Amino acid sequence: MSDDAPADPEEVDDPLEALHGHLAATAERPVARAASAHLGEAEAVARDLAERPADPDTVRERVSHVIRLLREAGDTEDETADEHVAAALTLAQRLIEESSDRDGDST
């Protein structure tokens, strides 16, 4: 795993860092070539979110992009990578839902 990724995404308090951690973990796995490009792009977007503060609309837009990339990645052909992708998808969807809930509370 890269030095900037958490060792265990499940132990990270910041959900954006955890999202990046799950996707960074897939880079260390022998995934299918077709899935690799999508996962790499999703990991780069998540890394940017984890490292640079962004307004809520930008976070929501980029997390939505991560979700699209993960859905387009298809079968990784690696069970551990699949587990990280599933965890990242769940986390990303929760981030979108929580963001939408906050928007609803502010009106």
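Figures for the structure shown
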quantity: Rg/Rg_ref, the stretch 13-105, where Rg_ref = 2.2 N^0.38 Å and atoms are Cα; calculated: 1.04
quantity: Where labels lie 7 Å past Cα in the beta-carbon direction, separation of D55 and R94 in nm; calculated: 2.7
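Any read-out appearing in this document is the output of simple, stated calculations on the displayed coordinates, not a laboratory observation. Please read all numbers here as calculations on a predicted model, not as lab measurements. Using ideal geometry, Cβ is built from the backbone for each residue, glycine included, and neighbour counts are taken over all protein chains shown.
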